[in-house]
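Let me begin by handing over the structure; questions about it come next.
The values are calculated or read from the model by the stated rules, or taken from the named source; none is laboratory data. Everything quoted here is computed from the prediction, not taken from an experiment. Cβ coordinates were reconstructed from backbone atoms using ideal geometry, including for glycine residues, and neighbour counts include every protein chain displayed. Surface areas here come from the heavy atoms of the whole protein model, side chains and all, with no ligands, DNA or RNA. Shrake-Rupley method; radii C 1.70, N 1.55, O 1.52, S 1.80 Å.
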Amino acid sequence: MGNVVVDTNVIVSGFMSLNGNPAKIVDMIIQNDERIQLCYNAAILAEYSEVLKREHFNFNEEKVDDFLNKVEGYGLFHEPPKSTFPMIDEKERCFYDVAVHFGARLITGNMKHYPVKSFVISPTEFLAKI
């Protein structure tokens, strides 16, 4: 099993399209797939909830609630100290810090928002590695 932190953009993409790599990752989380262990903190969970419940997305409320319940029920929770590593987008720091704490892969569709590190990977790269 590998620890992962999943950026919200991947989750949203997975909800928007039932096909594609982000959807496969969302399904792995919902199904509590033994190949991955989702890691999160309070800021990540709050962002998932806020973004997935935005009216303009009109996502299925039951699927959103199921997803959030799986995150809380099966995910690894920790509040690591805030890092001082320079970030391009400060809002992404919580994902980066949790990934560093857990030694996790950080899966994102916005590679440019993060420092170039081997653990920051795209959904396609992640699925190719498991």
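Give me a count of the residues in the stretch 1-20 that are of a type outside the set (S, T, N, Q) and surrounded by fewer than 17 Cβ atoms within 10 Å (Cβ to Cβ). Walk me through how you get there before you give the answer.
Step one: list which residues in the stretch 1-20 are of a type outside the set (S, T, N, Q), which gives 1-2, 4-7, 10-12, 14-16, 18, 20.
From what is left, the residues that are surrounded by fewer than 17 Cβ atoms within 10 Å (Cβ to Cβ) are 1-2, 16, 18, 20.
Residues flagged as of a type outside the set (S, T, N, Q) and surrounded by fewer than 17 Cβ atoms within 10 Å (Cβ to Cβ) within the stretch 1-20 amount to 5.
Same structure again: Within the stretch 54-66, is even one residue modelled with pLDDT of 95 or more, more than 16 Å from residue 5 (Cα to Cα) and among the aliphatic types (A, V, I, L, M)?
Yes: one or more hits.
Within the set of pairs 6 or more residues apart or between chains, which connect a residue that is under 18 Å from residue 72 (Cβ atoms) inside the stretch 14-42 to a residue that is open to solvent by less than 10 Å² (accessible area, probe 1.4 Å) and part of a loop (DSSP other than H, G, I, E, B) with Cβ atoms less than 7 Å apart?
Hits for this filter: 39/104.
Give me the residue from the stretch 85-97 that is acidic (Asp, Glu) and part of a helix (DSSP H, G or I) and, out of that set, nearest to the chain's Cα centre (by Cα).
92
So which of 63, 24, 82 is part of a helix (DSSP H, G or I), open to solvent by 30 Å² or more (accessible area, probe 1.4 Å), among the charged types (D, E, K, R) and farther than 22 Å from residue 129 by Cβ?
63
Does residue 17 satisfy being of a type outside the set (Val, Ile, Thr), farther than 20 Å from residue 124 by Cβ and more than 11 Å from the chain's Cα centre (by Cα)?
no
Would you point out the residue of the stretch 98-118, among those that are of a type outside the set (A, V, I, L, M), under 14 Å from residue 83 (Cβ atoms) and not in a loop (DSSP other than H, G, I, E, B), that is most open to solvent (accessible area, probe 1.4 Å)?
101
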